Amino acid sequence: SDEVLSLLAAHEGRGRLDSIADQLAGLRPAAASVPLAELLGRVRGALRDRYRVERELGRGGMAIVLLAEDLKHRRPVALKVLQPDLALGIGPARFLREIAIAAQLAHPHILPLHDSGEADGLLYYVMPYVEGESLRDRLRQHDRLSLTDAMRITHQVADALSYAHGRDVVHRDI
């Protein structure tokens, strides 16, 4: 639409678009004080009968996302684990709310919740693993998207947000 084209044009030449979370990351201590190897060992031990944890995929403000294999269904999954130091500091309520909300959403552009729980004091939930590059990685490599790709992605995101907003869910880090 003309409005989307206008917004894209307004951002042209301003450099890469990063999330507010990325901008704030430099203002707070490292996301996890628990060393990755220690956390991986703990998660692997706690979930060894259900998931084979392979490696870190990424981390955000309160959780780390790991690539794992769902042993029962023999499929790759993304395993999101609340960082233990944050669970102690701010409590698990926000993460549990995220799980409850994710469980209620069913939309083609929102990853569904496969599983969730607590193991060895670690709160986690499981989503499908989507192979391929992230939008952030694509923008880092190419600086900009074609107008067709930008419109397609914008439409998909807006459709998912509209669905979520219709269920009184507001995502704070798009």
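Report the extension gain between residue 115 and residue 158 in nm, rounded to one decimal, defined as 0.36 nm multiplied by the number of residues separating them, less their alpha carbon distance. Working it through step by step, the gained length comes to 12.9 nm.
Residues whose amide H lies under 5 Å from that of residue 123, counting only those 5 or more places away or on a different chain, are 82; hydrogens are built 1.01 Å from N in the peptide plane. The phi-based Karplus calculation (6.51 cos²θ - 1.76 cosθ + 1.60; θ = phi - 60°) puts the 3J(HN,Hα) values of region 153-161 at 5, 4, 5, 5, 5, 4, 5, 5, 5 Hz, whole numbers, x for Gly and Pro. Summed over the residues of region 78-148 and divided among them, the accessible surface reaches 61 Å² per residue at a probe radius of 1.4 Å. Computed from backbone phi, the HN-Hα couplings of region 76-82 come to x, 9, 9, 10, 9, 10, 5 Hz, rounded to whole numbers (Karplus: 6.51 cos²θ - 1.76 cosθ + 1.60, θ = phi - 60°; Gly and Pro given as x). Between residue 104 and residue 65, the FRET efficiency from the beta-carbon distance, with R0 = 30 Å, is close to 0.90. Would region 134-174 count as rounded, prolate or oblate if I go by the C-alpha gyration tensor, calling it rounded below 1.5 in a/c and otherwise prolate when a/b exceeds b/c, oblate otherwise? Oblate is the answer for region 134-174, as a/c is 1.5 or above yet b/c matches or exceeds a/b. Peptide packing for 148-160, 54-66 was compared via the average number of neighbouring C-beta atoms within 10 Å per residue; ordered from the highest value, the list is 54-66, 148-160.
For region 93-163, GluC sites (Glu not before Pro) meeting the loop criterion (DSSP other than H, G, I, E, B) and having at most 12 other Cβ atoms within 10 Å: 131, 133.
A Förster radius of 22 Å, combined with the Cβ-Cβ distance separating residue 169 from residue 137, puts the computed FRET efficiency at roughly 0.25. Measuring how big region 32-71 is from its alpha-carbon positions, Rg and Dmax come out at 10.0, 29 Å.
The values are calculated or read from the model by the stated rules, or taken from the named source; none is laboratory data. Being a predicted model, the structure only gives us computed values, none of them experimental. Don't worry about glycine lacking a Cβ; one is built from the backbone with ideal geometry, like all the others, and counts go over all protein chains shown. Just so you know, the surface numbers come from the protein's heavy atoms only, side chains and all, with ligands and any DNA or RNA stripped out. Shrake-Rupley method; radii C 1.70, N 1.55, O 1.52, S 1.80 Å.
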